[in-house]
Amino acid sequence: MIEQDKQSVKPWLGLWLGLAAVLVVLLSVALLWQRLGQLPAWAGRLNQTSITHSLVLEKVQAVAKLVSSESTMRDVVVYEDTWLGSTKRSLVVVTAKLLAGINLEQGTDVKIDEQARKIRITLPTATLLATDISEMKTYDERSGLWNPFVAADRDKIYQQARAQFQEAAKQSKLTEHANQSAKQLLETMFSRDGFTAEVTFREPLP
């Protein structure tokens with residue numbers, strides 16, 4: 001009888017030991033939760049990513065290079081010059097490569113608010129950085145009776161072509177595309193680090 005009683009007690013003993021272990025775990029969790037509630041406010045930010053001014057500038061430089069866009073364009077330049085009633089004309093097809101992007105040498109302003117987790121970035125607006133004329137083909141050239149073509153006319157045609165390409169770049173919104181791409185990339189990039197980025201643009205220096 002005594003052996004049977006011992007055998008019947010063993011299952012109940014294991015059950016009670018299991019319940020006791022569960023209670024110990026629950027009490028430990030409750031004590032830990034209470035202690036965490038008493039920690040200072042800055043302790044909750046220990047695991048958050050820290051952003052420095054130099055890190056922001058590094059990412060801004062990388063984005064500025066990334067959003068630079070190059071486009072090859074072709075345009076027709078019609079050049080005319082009249083002197084003492086004698087007119088010379090030229091029709092030239094010009095091919096050029098246009099580079100649009102953000103020139104950070106114009107100044108970049110970065111302000112970091114660690115407590116609010118906000119970054120304010122002010123960039124110079126994108127501009128046409130370069131116009132590289134690679135080819136000029138003359139299809140029609142007519143000199144005046146006493147108004148022939150000279151070397152200075154070639155320079156004027158070149159300058160007129162550059163002006164036309166700059167206007168074409170505005171019409172195609174190359175610079176606006178660079179601005180929007182930079183804004184989206186930077187705001188998305190810093191949001192992954194738990195920050196809210198605000199990107200604004202100012203007119204570049206003359």
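Every read-out reported here was derived from the displayed coordinates using simple, explicitly stated rules and does not represent laboratory data. All of these numbers come straight from a predicted model, not from anything done at the bench. Because the Cβ atoms are built from the backbone with ideal geometry, glycine has one as well, and the counts that use them run over all protein chains shown.
Residue pairs exceeding 19 angstrom between C-alpha atoms, taken from Lys65/Lys183; Lys111/Lys170; Lys65/Lys97; Lys59/Lys170: Lys111/Lys170; Lys59/Lys170. On the beta carbon distance between Val150 and Glu176, with R0 = 45 Å, the FRET formula returns roughly 0.70. Return the lysines within reach of Lys88: Cα separation strictly under 26 angstrom, same-chain partners fewer than 8 residues apart disregarded; answer none if there are no such residues. Within the straight-line limit of under 26 Å, Lys88 reaches these lysines: Lys137, Lys156.
Amide H contacts of Ala126: Asn179, each under 5 Å away and 5 or more positions distant or on a separate chain (H built 1.01 Å from N in the peptide plane; Pro and chain starts excluded). Under 14 Å from a label point 7 Å along Cα→Cβ of Glu80: give me every residue in the range 144-165 with its amide N that close. Counting backbone N atoms under 14 Å from the label point, the list is 144.
Would you kindly give the portion of the calculated P(r) for the range 48-202 that falls above 27 Å, as a percent of all Cα pairs? Cα-Cα pairs of the range 48-202 separated by over 27 Å account for 44 percent. The chymotrypsin sites (Phe, Trp or Tyr not before Pro) of the range 105-206 that DSSP puts in a loop, and whose beta carbon has at most 11 other beta carbons within 10 Å, are Trp146. Neighbours of Thr122, meaning other residues whose beta-carbon lies under 14 angstrom from its beta-carbon, give a summed charge of +1 when Lys and Arg score +1 and Asp and Glu score -1. Per-residue 3J(HN,Hα) values for the range 84-99, derived from phi via the Karplus relation 6.51 cos²θ - 1.76 cosθ + 1.60 with θ = phi - 60°, read 6, x, 9, 10, 10, 10, 8, 10, 10, 9, 10, 10, 8, 9, 10, 10 Hz in sequence order (x marks Gly and Pro). Among the GluC sites (Glu not before Pro) within the range 67-171, those in coil by DSSP and having at most 15 neighbouring Cβ atoms inside 10 Å are Glu114. So the label point goes 7 Å from the Cα of Thr188 along Cα→C-beta, right? Which residues of the range 111-150 then have their backbone N under 19 Å from it? Of the residues in the range 111-150, 119, 121 have backbone N under 19 Å from the label point off Thr188.
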